[in-house]
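What follows is a single structure, written as structure tokens, with notes after it.
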């Protein structure tokens, strides 16, 4: 684990307060700060390949330009010790605070000195923490405290390539939803989207893809030392067959204008960048500045899922989320079907007992690896912003228990797996499918859409609850600790699954971190962070989309 360098540590001055930080921001026009953030994102290459920290080469070049001459050598000495000077979270914090300023500096054309920007970046990192109010005593509270304190940082230092998020949702729309059985295909997502936004979802998909391609191109073309202009203009779309009105309306779904500021939403914690997530671009006249690449790429999902859901009345919204839960389960099974070696992993989506009385599946999916059964529960289980960024163990514990352990009106996650394991090990054997009767070992696995599934101590907490809830032990079976991961971890595991049993990947994770406190990737020799490798099915879909976009947008070059 690496710790970023803070301003007070570099200068020897007292730690800055949030009010001092905001007063410093008020010395400069908001637009200048936000445009600088967009340029930093490009200069440091944040976003693609899950890059969240400036390279050593970029750090060595930019530190002398962004720090006063008496501070730059000291800053570089810290950098050589592995301390990050520039990272994505700083830019998000700086941009979010600039968006919240009220009052803000007049838009009078004055500029921000490079040294001031360097100071604002390091000071941003200093403010990205929360001092615990008290120390928990009970073990589960201690675990929940770790989850609560680390999930904001884990999200900020995302190990997921944002373009994979786009591809994932595109696969939902084009493969998973059309393949759902009729009784689960309860919503016409295209129609729901067009009703809210006024233009087709298919067009918007290609539009977001175009934004992404432009952002990647900017990063590829920017050489060390370049200061890019950093904007995407409506004129760029003249090479397509889209009208100016279409482009302008779609611009407005991903951006804010200076007239839309300040952001007045309640702030739930230092990593609460919800307004920036919703508005990752700044629009000035006919130019868009991409402040945050990852949030921009995620606009397809945030529009089709969250913005649409936000327009629905409560009962229909809950049905909509349930529908997306089925879509998520479908994607988990699609990954296993497309990537897992059939010789080492026999996959059974929604397996059922042979007893006609029980209509519910044993679990969402099961993978048989020799004499081992991996029982999978796939959970959408989105953690709300007021919980995620609160650093409050009570709120996090309530979320984990309600969404992943006990449920409210029915069992979920851990309790579902406990029920399934008890029935498999204690119930009549003739109620089990033939392929399940010779099993000697069971591995329970929870896969979440939310990042929290692979974050610090989440797995430890869920396993502790699992061990407490387990029923009578049957000595004929080995029941391993429960493992959790998020969907991005499963995507990164796809390369290993092509030549390794899922049970071996999970056993390796357990062996490397028996307390199950570290993020999955930090305790796995099979699953690296960053862009998934050998992602052949996704790459084929991406190439197909590229060609469709070229033809349908009538790209000139």
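The values are calculated or read from the model by the stated rules, or taken from the named source; none is laboratory data. Keep in mind the model is a prediction, meaning the values are calculated, not measured. Cβ: placed from backbone, ideal geometry, glycine included. Neighbour counts: every protein chain shown.
Can you tell me which of 382, 408 is under 28 Å from residue 524 (Cβ atoms) and part of a loop (DSSP other than H, G, I, E, B)? Even if it seems obvious, please write down each step before you answer.
Values: 408 fails: under 28 Å from residue 524 (Cβ atoms).
Result of the check over 382, 408: 382.
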Of the conditions (1) touching a strand residue (DSSP E or B) at 6+ places or on another chain (Cβ under 9 Å); (2) closer than 19 Å to residue 6 by Cβ, the single one that residue 108 does not satisfy is (2)
query: Just a yes or no: is a residue in the range 77-94 without any contact (Cβ under 8 Å) to a residue 60 or more places away in the chain and over 31 Å from the mean Cα position of the chain (by Cα)?
result: yes
Those residues of the range 506-532 which are within 23 Å of the chain's Cα centre (by Cα) and touching a residue at least 40 places away in the same chain (Cβ under 8 Å) amount to 506, 516, 517, 518, 519, 520, 521, 529, 530, 531, 532
Of the candidates 515, 466, the one satisfying the condition of being part of a loop (DSSP other than H, G, I, E, B) and assigned by TED's automatic domain parsing to the domain that holds residue 443 is 515
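Would you confirm whether any residue within the range 315-322 is in a strand (DSSP E or B) and either crowded, with 20+ Cβ neighbours inside 10 Å or in contact (Cβ under 8 Å) with a residue 60 or more places away in the chain (or both)?
Let us first name the residues in the range 315-322 that are in a strand (DSSP E or B), namely none.
No: zero hits.
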Out of (1) crowded, with 19+ Cβ neighbours inside 10 Å; (2) modelled with pLDDT of 95 or more; (3) in contact with a strand residue (DSSP E or B) (Cβ under 6 Å, 6 or more places away or on another chain); (4) farther than 19 Å from residue 341 by Cβ, the one residue 445 does not meet is (4)
Subset of the range 136-161, residues in contact with a helix residue (DSSP H, G or I) (Cβ under 8 Å, 6 or more places away or on another chain) and outside any helix (DSSP H, G or I), comes to 136, 157, 158, 159, 160, 161
Scanning the range 221-236 residue by residue, the ones that are in contact (Cβ under 8 Å) with a residue 24 or more places away in the chain and in a helix (DSSP H, G or I) total 2
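Table: residues versus (1) touching a strand residue (DSSP E or B) at 6+ places or on another chain (Cβ under 7 Å); (2) modelled with pLDDT of 95 or more; (3) crowded, with 23+ Cβ neighbours inside 10 Å; (4) closer than 25 Å to residue 145 by Cβ.
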position	(1), (2), (3), (4)
363	yes, yes, yes, no
366	yes, yes, yes, no
370	no, yes, no, no
378	yes, yes, yes, no
394	no, yes, no, yes
398	no, yes, no, yes
413	yes, yes, yes, yes
427	no, no, no, no
For the range 262-273, does any single residue satisfy the condition of being touching a helix residue (DSSP H, G or I) at 6+ places or on another chain (Cβ under 7 Å), under 18 Å from residue 47 (Cβ atoms) and assigned to a loop (DSSP other than H, G, I, E, B)? yes
If we keep only residues of the range 45-61 that are in contact (Cβ under 8 Å) with a residue 60 or more places away in the chain and assigned to a helix (DSSP H, G or I), then the residue surrounded by the fewest Cβ atoms within 10 Å (Cβ to Cβ) is 57
